[in-house]
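Visitor: Can you read through this structure? Questions will come right after.
The values are calculated or read from the model by the stated rules, or taken from the named source; none is laboratory data. Computed from a predicted structure; not experimentally measured. Cβ: placed from backbone, ideal geometry, glycine included. Neighbour counts: every protein chain shown.
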Amino acid sequence: MFDEGKVVKEGTFLYAGQATCDVCVQQTMVRYGSGDYEDPPEIMNDVAGDWFYVWYTPADARGQYINGDLCFPTIAEAIDYAEKRFPGLRWAD
């Protein structure tokens, strides 16, 4: 799913104080639902709109955003979450 949106913010953090990992905030036009019929409709179904996902790389695969985290309705919420989730995160400007 990472290739379906626009990266709006990128940065790095040190995993275990040693390995550099990448973090990005990606803007997409859909929040993907779970697809699980047991979930309520607001979780099960995709929701159109502007959404912001937080992605990060494994310590041994820089540049390969294969790990995704939560989705947020605003870029500010995504950035705030990433800064709390990844201590020492430094954004590129």
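Visitor: Scan (1) modelled with pLDDT of 90 or more; (2) surrounded by 12 or more Cβ atoms within 10 Å (Cβ to Cβ); (3) in contact with a helix residue (DSSP H, G or I) (Cβ under 7 Å, 6 or more places away or on another chain) for the single condition ASP36 breaks and write down its number.
Guide: With respect to (1) modelled with pLDDT of 90 or more; (2) surrounded by 12 or more Cβ atoms within 10 Å (Cβ to Cβ); (3) in contact with a helix residue (DSSP H, G or I) (Cβ under 7 Å, 6 or more places away or on another chain), ASP36 is out only on (2).
Visitor: Being closer than 18 Å to LYS6 by Cβ and surrounded by 14 or more Cβ atoms within 10 Å (Cβ to Cβ) is the filter here, so list the residues in segment 58-80 that pass it.
Guide: Scanning segment 58-80 gives TYR65, GLY68, ASP69, CYS71, PHE72, ILE75, GLU77, ALA78, ILE79.
Visitor: Continuing with the same structure: Please work out which residue is modelled with the highest pLDDT, limiting yourself to segment 47-57 and to residues that are more than 13 Å from the chain's Cα centre (by Cα) and surrounded by 12 or more Cβ atoms within 10 Å (Cβ to Cβ).
Guide: Only one residue tops the list, namely ASP50.
Visitor: Can you find a residue that is out of contact with any Ser or Thr (no Cβ under 6 Å at 6 or more places or on another chain), basic (Lys, Arg), surrounded by fewer than 18 Cβ atoms within 10 Å (Cβ to Cβ) and not in a strand (DSSP E or B) anywhere in segment 1-23?
Guide: No, segment 1-23 contains no residue that is out of contact with any Ser or Thr (no Cβ under 6 Å at 6 or more places or on another chain), basic (Lys, Arg), surrounded by fewer than 18 Cβ atoms within 10 Å (Cβ to Cβ) and not in a strand (DSSP E or B).
Visitor: Sort out which residues of segment 25-56 are more than 18 Å from GLU4 (Cβ to Cβ) and touching a Ser or Thr at 6+ places or on another chain (Cβ under 9 Å), and write them in order of number. Spell out the reasoning first.
Guide: The first filter runs over segment 25-56 and keeps only residues more than 18 Å from GLU4 (Cβ to Cβ), leaving 36-44.
Residues satisfying the conditions are ILE43, MET44.
Visitor: With in contact (Cβ under 8 Å) with a residue 12 or more places away in the chain and either touching a Lys or Arg at 6+ places or on another chain (Cβ under 8 Å) or not β-branched (Val, Ile, Thr) (or both) as the only criterion, which of GLU10, GLU38 stands out? Lay out the reasoning, then the answer.
Guide: On the way: GLU38 fails: in contact (Cβ under 8 Å) with a residue 12 or more places away in the chain.
When all the criteria are applied, what remains is GLU10.
Conditions tested, residue by residue: (1) among the acidic types (Asp, Glu); (2) in contact (Cβ under 8 Å) with a residue 60 or more places away in the chain; (3) not in a helix (DSSP H, G or I).
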position	(1), (2), (3)
GLY63	no, no, yes
ASP69	yes, no, yes
ILE79	no, yes, no
ALA82	no, yes, no
